[in-house]
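Undergrad: This is the structure, below, for whatever I ask next.
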Amino acid sequence: MTNGETLLRVEGVTKAYPGVVANSDVSFTIKAGEVHALLGENGAGKSTLVKMIYGLVKPDSGRMTLRGQPYAPTEPRMARASGVAMVFQHFSLFEALNVAENVALGMEHPPKMGALATQIRNVSAAYGLPLDPARMVGDLSAGERQRVEIIRCLLQDPKLLIMDEPTSVLTPQEVEILFRTLRLLKSEGTSILYISHKLEEIRALCDEATILRRGKVVATCTPRDRSAREMAELMVGATLTPPARSGKAKGGVVLEVADLSVASPIPFGTSLKHIGFSVARGEVLGIAGVAGNGQDELLLALSGELTTTRDAVRIDGQGMGDQGPVARRRAGLVAAPEERLGHAAAPDMSLVENALLSGATRKGLVRNGFIDWPAAQSFAAGIVAEFDVRTPGTHVAARALSGGNLQKFVVGRELSQDPTVIVINQPTWGVDAAAAAAIRQAIIDRAAASAAVVVISQDLDELLEVADNFAALNAGRLTSPRPVQGLTIDEIGLMMGGAHGMEGAQHGV
Ligand SMILES: Nc1ncnc2c1ncn2[C@@H]1O[C@H](COP(=O)(O)OP(=O)(O)OP(=O)(O)O)[C@@H](O)[C@H]1O
């Protein structure tokens with residue numbers, strides 16, 4: 001097949017779930033050797049569409065053709081046999097196995113280990129994706145784990161590679177490596193279907209874009225010829241305004257962390273070492289770092305899920321390090337972890353129940369041992385309305401929401417509890433441009449209403465937008481916070497420097 005010929009044609013595909021049409025009469029084509037972006041705000045139907053192409057979801061109607069032949073995979077195995085591979089947003093790897101063993105697990109007919117290790121080394125060298133087949137997956141950075149998934153796909157020699165938000169876990173250097181690999185694949189005639197909310201990346205990488213809004217194709221464009229803002233506006237069908245700062249003066253220090261050292265409770269996690277910082281009312285402290293450098297542990301140690309010595313964490317002058325989450329919530333601290341399904345929200349519980357789980361203490365939703373369901377219901381409904389959570393209702397289970405909509409719900413739930421200290425890990429992960437702007441604005445507004453805010457994020461642009469002060473986590477240590485104003489990207493790089501994963505990225509090319 002030569003570049004430019006149609007590889008995949010999707011014609012009038014529709015898929016409905018109870019209460020929502022996830023894809024409505026969707027048609028588009030992908031040419032051989034094309035990098036095709038799939039854009040749309042949260043819940044627009046991107047994941048549903050790629051799941052149909054990968055055989056995970058069956059369309060209600062419509063048809064697809066691959067290289068001109070009817071194509072209707074009923075399971076991923078069929079899709080892979082036809083040359084369609086997919087790298088998911090969440091990796092399905094076993095931490096206690098090495099790279100080669102993990103790759104073998106995903107193959108239908110794995111070769112002998114020695115031969116497989118050689119194949120992995122060859123593909124890794126040919127595509128500029130540094131990876132040692134003998135290393136334990138538990139010791140790898142997020143970027144390296146993604147390479148395991150990509151190499152697993154490349155070993156099948158795919159004609160179409162689907163990638164769902166691949167750069168959300170990568171450092172800028174790792175993104176460069178990935179893009180080089182994708183461009184190489186493209187030059188060899190492989191097509192790539194690329195889902196991302198990062199519009200500048202799409203402009204740099206993609207040849208064509210199909211834009212979905214509420215399940216329908218609303219536009220196609222050539223990303224290079226459009227500004228990121230124009231594409232965002234096509235997605236939401238409205239004009240966007242960036243977050244505004246109030247410029248309000250700061251108040252007194254309310255969160256103090258001193259010499260916080262604690263072993264990680266997470267297998268292959270990163271222990272925290274002598275962390276110290278303080279945050280005043282009205283201040284946003286941004287904490288950067290490559291994934292796996294102690295972000296999850298820091299959130300646990302601040303939320304109270306991980307206890308330490310009493311004075312390692314002080315809220316309003318009171319030693320709280322040895323107290324659990326309920327006591328800390330009572331003292332005014334709310335926290336939103338990164339993992340939305342399973343940690344921030346119970347997947348099978350309704351939005352009302354999930355609102356109750358975190359809001360019970362501060363919103364007084366339990367009285368004399370009885371749950372005040374009407375109050376819980378109106379708390380949940382308020383979050384849905386204020387944070388524009390797209391859902392058929394508050395009775396819906398958390399797992400039925402699209403990733404971005406659940407994220408809006410989780411962040412909204414914490415911000416709506418009138419907190420004095422807010423700790424959020426990755427507030428806009430997987431959230432579209434308009435919703436991300438709304439969440440960032442809500443964070444800035446909460447700070448202006450005199451809360452102290454800690455935002456942990458791998459998105460540097462996000463931190464520079466919301467934070468007053470900036471620090472970086474690196475192998476469990478935190479640099480001393482510095483004012484964001486006047487910081488250069490080089491200085492930020494140095495603060496983050498030495499973080500594992502970046503090292504590999506720099507030396508591996
Ligand atoms: N298994 C399911 N059951 C019920 N509804 C679902 C299911 N999967 C998706 N939906 C609904 O279908 C719609 C489209 O969701 P989808 O995950 O495809 O959106 P998306 O564009 O990928 O969003 P995001 O960018 O937030 O990941 C949403 O309203 C979602 O709630």
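Undergrad: Only one of these conditions is not met by residue 87: (1) modelled with pLDDT of 95 or more; (2) surrounded by 16 or more Cβ atoms within 10 Å (Cβ to Cβ). Which number is it?
TA: Among (1) modelled with pLDDT of 95 or more; (2) surrounded by 16 or more Cβ atoms within 10 Å (Cβ to Cβ), residue 87 violates only (1).
Undergrad: Could you list, in sequence order, the residues of region 264-280 that are of a type in the set (Gly, Ala, Ser) and under 14 Å from residue 304 (Cα atoms)? Let's see the steps before the verdict.
TA: Restricting attention to region 264-280, the residues satisfying the condition of being of a type in the set (Gly, Ala, Ser) are 264, 269, 271, 276, 278, 280.
Passing the criteria: only 264.
Undergrad: Another question about this same structure. Strands (runs of 3 or more DSSP E) wholly in region 116-225 with at least 2 residues that are buried (at least 19 other Cβ atoms within 10 Å of the Cβ) and touching a residue at least 24 places away in the same chain (Cβ under 8 Å) - which ones? Working first, answer last.
TA: Working: elements: 160-164, 191-195, 208-213, 216-221.
In region 116-225, 160-164, 191-195, 208-213 are the strands (runs of 3 or more DSSP E) which contain 2 or more residues that are buried (at least 19 other Cβ atoms within 10 Å of the Cβ) and touching a residue at least 24 places away in the same chain (Cβ under 8 Å).
Undergrad: For region 363-379, does any single residue satisfy the condition of being at pLDDT below 90 and closer than 24 Å to residue 456 by Cβ?
TA: The first filter runs over region 363-379 and keeps only residues at pLDDT below 90, leaving 367-369.
From the residues that got through so far, the ones that are closer than 24 Å to residue 456 by Cβ too are none.
There is no residue in region 363-379 that is at pLDDT below 90 and closer than 24 Å to residue 456 by Cβ.
Undergrad: Which of the helices (runs of 4 or more DSSP H) found entirely inside region 1-108 contain at least 1 residues meeting this: in contact (Cβ under 8 Å) with a residue 12 or more places away in the chain and among the aromatic types (Phe, Trp, Tyr)? Explain how you work it out, then say what you get.
TA: Working: elements: 46-53, 76-81, 99-105.
Filter on region 1-108 gives an empty set.
Conditions tested, residue by residue: (1) more than 19 Å from the chain's Cα centre (by Cα); (2) within 12 Å of the ligand (Cβ to nearest atom).
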{"site": "5", "(1), (2)": "yes, no"}
{"site": "16", "(1), (2)": "yes, yes"}
{"site": "22", "(1), (2)": "yes, yes"}
{"site": "27", "(1), (2)": "yes, no"}
{"site": "30", "(1), (2)": "yes, no"}
{"site": "35", "(1), (2)": "yes, no"}
{"site": "48", "(1), (2)": "no, yes"}
{"site": "52", "(1), (2)": "yes, yes"}
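Undergrad: So which residues in region 415-450 are part of a helix (DSSP H, G or I) and within 16 Å of the ligand (Cβ to nearest atom)? Before the answer, list the steps.
TA: Of all residues in region 415-450, those part of a helix (DSSP H, G or I) come to 415, 433-448.
Listed by number, the residues that qualify are 433, 434, 435, 436, 437, 438, 439.
Undergrad: Taking region 269-289 on its own, how many of its residues are part of a loop (DSSP other than H, G, I, E, B) and either touching a strand residue (DSSP E or B) at 6+ places or on another chain (Cβ under 8 Å) or without any contact (Cβ under 8 Å) to a residue 40 or more places away in the chain (or both)?
TA: Adding up the residues that qualify gives 6.
Undergrad: Now for a separate question. When region 371-392 is examined, which residues are found to be within 20 Å of residue 437 (Cα to Cα) and without any contact (Cβ under 8 Å) to a residue 40 or more places away in the chain? Steps first, please.
TA: Step one: list which residues in region 371-392 are within 20 Å of residue 437 (Cα to Cα), which gives 382-391.
Residues satisfying the conditions are 382, 383, 384, 385, 386, 389.
Undergrad: Here's a follow-up. Residue 136 versus (1) at pLDDT 85 or above; (2) more than 16 Å from the ligand (Cβ to nearest atom); (3) of a type in the set (A, V, I, L, M); (4) within 30 Å of residue 19 (Cα to Cα): which is the lone unmet condition?
TA: Failed condition: (4).
Undergrad: Might you let me know whether region 162-172 holds any residue that is hydrophobic (A, V, I, L, M, F, W, C), farther than 19 Å from residue 7 by Cα and within 16 Å of the ligand (Cβ to nearest atom)?
TA: Of the residues in region 162-172, the ones hydrophobic (A, V, I, L, M, F, W, C) are 162-163, 169-170.
Cutting the leftovers down to farther than 19 Å from residue 7 by Cα gives us 169-170.
Filter again for within 16 Å of the ligand (Cβ to nearest atom), leaving 169.
The answer is yes; a qualifying residue exists.
Undergrad: Have a look at 325, 267, 337 and point out the one that is more than 23 Å from the chain's Cα centre (by Cα) and not aromatic (Phe, Trp, Tyr).
TA: Details: 267 fails: more than 23 Å from the chain's Cα centre (by Cα); 337 fails: more than 23 Å from the chain's Cα centre (by Cα).
Of 325, 267, 337, the one residue that is more than 23 Å from the chain's Cα centre (by Cα) and not aromatic (Phe, Trp, Tyr) is 325.
The values are calculated or read from the model by the stated rules, or taken from the named source; none is laboratory data. All values derive from a computational prediction rather than experimental measurement. All Cβ positions, glycine included, derive from the backbone under ideal geometry; neighbour counts span all protein chains shown.
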